[in-house]
Amino acid sequence: MSRKAKDTKQKNVHKKDASTNDSENIFTLIGKAIRSEQFPRVIAVFVVIFTVFCFISFVSFFFTWFSDYSIVQDLSPQDLLHGEKDIQNWGGSFGAFISYVFIRDTFGVGAFGFILLFAFLALKIFKAKINYFSRWIIATFVFMFWISCIFGYVVVGFQVEKLEDFAGAVGIGLNSWLCSFIGTIGCGLVHLAFTITIPMLLFGVKYLWVTDKIKAIKNTASSISINNNEEE
């Protein structure tokens, strides 16, 4: 083998070793970054930014849905990545898309609860102390479900189609089934029962004013009965 060929071979070997070392260094740096104490905070920052973005997009949805609705329905993944210029949502095509999915396809206006959940997640990653964290998470989900059902009852029970976006698919679907199963009045009574009991279960509300009112009525009735007996 000629000397020139040997030199070329050695250079190729050195280049291969150098590229391998560079790849190992890159993966090592990525691994160190992921294991570092700052990485969770970086994730939390992006969660906060996404939360703010979702809030802006959700608010905009209720002002721009009438012009974006038909466009978002036909929006392909390619159009989503390229950006649809005719979208009016303040968050662009992506903001219009996630608003459509989170609001119309789930809990309607109750989807704003996702904003609260994202905020809780960011605070948790930042290791902020949140009292009764699990209870707040459950309460948020229950509120999302409850408000979606209330608006859904108005839409289905009273045919107020203008509030469909406030109800979302969950509220409309559940109320459609309940109204066909137990009727509009029965569905309303179920919602009333949950409206009364949810604060009792989640926050320990005792409705003492109701008890006091009942006692006052009983005392009034007793005093009237005693007065009638004395007059006789």
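The values are calculated or read from the model by the stated rules, or taken from the named source; none is laboratory data. Being a predicted model, the structure only gives us computed values, none of them experimental. Cβ sites come from the backbone with ideal geometry, for glycine too, and all protein chains shown count toward neighbours. Note: accessible area is taken over every heavy atom of the protein model, side chains too, but ligands, DNA and RNA are not part of it. Shrake-Rupley method; radii C 1.70, N 1.55, O 1.52, S 1.80 Å.
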Check: within 30 Å of Phe39 (Cβ to Cβ), surrounded by 15 or more Cβ atoms within 10 Å (Cβ to Cβ) and in contact with a Lys or Arg (Cβ under 8 Å, 6 or more places away or on another chain), is that true of Ile125?
Finding: yes
Counting only residues that are within 23 Å of Val101 (Cβ to Cβ), touching a residue at least 40 places away in the same chain (Cβ under 8 Å) and open to solvent by 60 Å² or more (accessible area, probe 1.4 Å), the stretch 165-204 contains a total of 1
Quick count over the stretch 116-159, residues being at pLDDT below 90, touching a helix residue (DSSP H, G or I) at 6+ places or on another chain (Cβ under 7 Å) and either within 12 Å of Thr106 (Cβ to Cβ) or not in a helix (DSSP H, G or I) (or both), is 2
Looking across the stretch 47-76 at residues that are within 14 Å of Ile87 (Cβ to Cβ) and of a type in the set (A, V, I, L, M), the single one that is surrounded by the fewest Cβ atoms within 10 Å (Cβ to Cβ) is Ile56
(message) Among the residues of the stretch 85-98, are any among the aliphatic types (A, V, I, L, M), surrounded by 17 or more Cβ atoms within 10 Å (Cβ to Cβ), touching a residue at least 12 places away in the same chain (Cβ under 8 Å) and part of a helix (DSSP H, G or I)?
(response) yes
Reported set for the stretch 118-157 where residues are without any contact (Cβ under 8 Å) to a residue 24 or more places away in the chain and closer than 18 Å to Phe58 by Cβ is Phe120
Sole miss for Gly171 among (1) at pLDDT below 90; (2) touching a Phe, Trp or Tyr at 6+ places or on another chain (Cβ under 6 Å) is condition (1)
Within the stretch 26-46, restricting to residues that are farther than 14 Å from Ala119 by Cα and among the charged types (D, E, K, R), the one that is surrounded by the fewest Cβ atoms within 10 Å (Cβ to Cβ) is Glu37
Is it the case that Leu116 is under 26 Å from Ile43 (Cβ atoms) and open to solvent by 30 Å² or more (accessible area, probe 1.4 Å)? yes
